[in-house]
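Structure, as structure tokens:
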Amino acid sequence: MTPMPDVQSTTDVRNMPINQVGIKALRFPIRFKTAQSEQHTIAHFAMTVYLPAEQKGTHMSRFVALLEENQQAFDFQKLRQLTEQMLDKLHTHSGKISMAFPFFRKKAAPVSGIQSFLDYDVTLTSEIKNGAFSGCLKILVPITSLCPCSKEISQYGAHNQRSHVTLTLHSHNDQISIEEIIDLIEQQGSSQLYGLLKRPDEKFVTETAYENPKFVEDIVRDIAVALRQDSRIHAFEVESENFESIHNHSAYAYIAYP
């Protein structure tokens, strides 16, 4: 059989290296494990590598083949190993893999104890540049916030909103779990969110939020203070977007450390 031409491996004469080339938006079923649980979910992968100036193209099929060959449960360490395998398979010194997926936790309602799932958006990124590894964990946690000003000036009631807190930990390892991060963020809201509530639970979360009012500024500051007290965390970004109930815009705050 006559060999088929391998156009990607031919020489390029433009003398222009490419920092990242690969695939994005690949949906792939995975198992994800933490110290507390293992669950099936669907991840969106982005996989890229450095392409030297003399090489015309990368081998796109090898990215998908790599995932097909790795059916073990994912965690932080497994993602790093996958990145190392990708660089070996594509014959390059630098590359990055990001995987974004919904992470589910079963929560008990505060009064009735009835259990239901709540989902959180998680993104893990593993990158190797010239042999140096860096990791990043990004997680979005929904909470309730209640406006302190509204409570103070109103004769009765106060407006509240659902808030999305996004925390990004840089140079992340598996010393701190996703569950710990969720717990930390949820403790800093006016109230937590739940997938299912009965009337006694609804009364509880409404009154809890009323007794714990917070501006968007309070939320990011309180989370940042708690993170700085954790010796395992060295660099982070925390942001909160509060979807206002009395305006057609959001309130927003952001802190980067250091």
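The values are calculated or read from the model by the stated rules, or taken from the named source; none is laboratory data. Here the structure is a predicted model, which means the values were calculated and not measured. When we count neighbours, we look across all protein chains shown, and the Cβ atoms used for this are built from the backbone with ideal geometry, even at glycine.
Scan the stretch 137-151 and give yes if some residue there is surrounded by fewer than 17 Cβ atoms within 10 Å (Cβ to Cβ), touching an Asp or Glu at 6+ places or on another chain (Cβ under 8 Å) and under 26 Å from Ile42 (Cα atoms), otherwise no. Walk me through how you get there before you give the answer.
Going residue by residue through the stretch 137-151, those that are surrounded by fewer than 17 Cβ atoms within 10 Å (Cβ to Cβ) are 148-150.
Those still in the list that are touching an Asp or Glu at 6+ places or on another chain (Cβ under 8 Å) too: 148.
Next, only the ones that are under 26 Å from Ile42 (Cα atoms) stay: none.
No: the stretch 137-151 contains no residue that is surrounded by fewer than 17 Cβ atoms within 10 Å (Cβ to Cβ), touching an Asp or Glu at 6+ places or on another chain (Cβ under 8 Å) and under 26 Å from Ile42 (Cα atoms).
Being polar (S, T, N, Q) and in a strand (DSSP E or B), is that true of even one residue in the stretch 56-69? No, the stretch 56-69 has no match at all. Evaluating Pro200 against the criteria (1) modelled with pLDDT of 95 or more; (2) within 30 Å of Phe74 (Cβ to Cβ); (3) not polar (S, T, N, Q) leaves one unmet condition, (2). Of the residues screened, Thr123 is one that is without any contact (Cβ under 8 Å) to a residue 40 or more places away in the chain, in contact with a strand residue (DSSP E or B) (Cβ under 7 Å, 6 or more places away or on another chain) and either buried (at least 17 other Cβ atoms within 10 Å of the Cβ) or aliphatic (A, V, I, L, M) (or both). The test for being part of a strand (DSSP E or B) and surrounded by 15 or more Cβ atoms within 10 Å (Cβ to Cβ) holds for Ala46.
Yes/no per residue for (1) surrounded by 15 or more Cβ atoms within 10 Å (Cβ to Cβ); (2) free of Cβ contacts under 8 Å to residues at least 40 places away in the same chain; (3) of a type in the set (Gly, Ala, Ser); (4) under 18 Å from Arg31 (Cβ atoms):
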site	(1), (2), (3), (4)
Ala73	no, no, yes, yes
Leu79	yes, no, no, yes
Ala100	yes, no, yes, yes
Ala108	no, yes, yes, no
Val111	yes, no, no, no
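Of all residues in the stretch 12-20, none satisfies being assigned to a loop (DSSP other than H, G, I, E, B) and under 30 Å from Glu180 (Cα atoms).
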